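Structure record follows, encoded as structure tokens.
Please treat every number below as a calculation from the coordinates, not as lab data. Computed from a prediction, not measured in an experiment: that's the story for all the values here. Backbone-built Cβ (ideal geometry, glycine too); neighbour counts: all protein chains shown.
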Amino acid sequence: MTIVHAGESLFSDAYPNKFRNSMLDSVRDKGIKVILGDRVDLTTQVDSLTTITTSKGVKLETDLVVSTIVQLLISSELNFLT
């Protein structure tokens with residue numbers, strides 16, 4: 001398993017560095033590869049069903065790709081809720 005994350009950490013700066021580093025170590029200790037500061041461009045055509053390439057050119061062999069892109073809404077877009 002490989003996690004590709006655009007940020008420099010798996011968690012936002014809202015969490016203390018000690019916690020973020022501990023979680024990263026824990027994930028890696030479980031044998032999960034983590035690539036930080038990179039992303040998978042899912043808008044481009046995949047070379048094959050089993051290979052994807054990150055924006056920095058890292059090729060990954062895959063069985064399954066799970067996209068977990070989070071898009072934040074601007075608070076003004078949420079006004080309809082009030």
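Only counting other Cβ atoms within 10 Å, I'd like ILE32, ILE69, ILE52, ILE3 sorted with the fewest neighbours first.
Least crowded to most crowded, the residues run ILE69, ILE32, ILE3, ILE52.
Which residues' amide hydrogens lie under 5 Å from the amide hydrogen of ILE3, considering only partners 5 or more residues apart or on another chain, with H built in the peptide plane?
The answer is LYS33, VAL34, ILE35.
Residue by residue, what Karplus-based ³J(HN,Hα) values in Hz, rounded to whole numbers, does the stretch 18-24 have, using 6.51, -1.76 and 1.60 with θ = phi - 60° and x for Gly and Pro?
4, 5, 4, 5, 5, 5, 4
Test of understanding: what is the full-extension gain from SER55 to ASP29, defined as 0.36 nm times their sequence separation minus their Cα-Cα distance?
6.8 nm is the gain from fully extending SER55 to ASP29.
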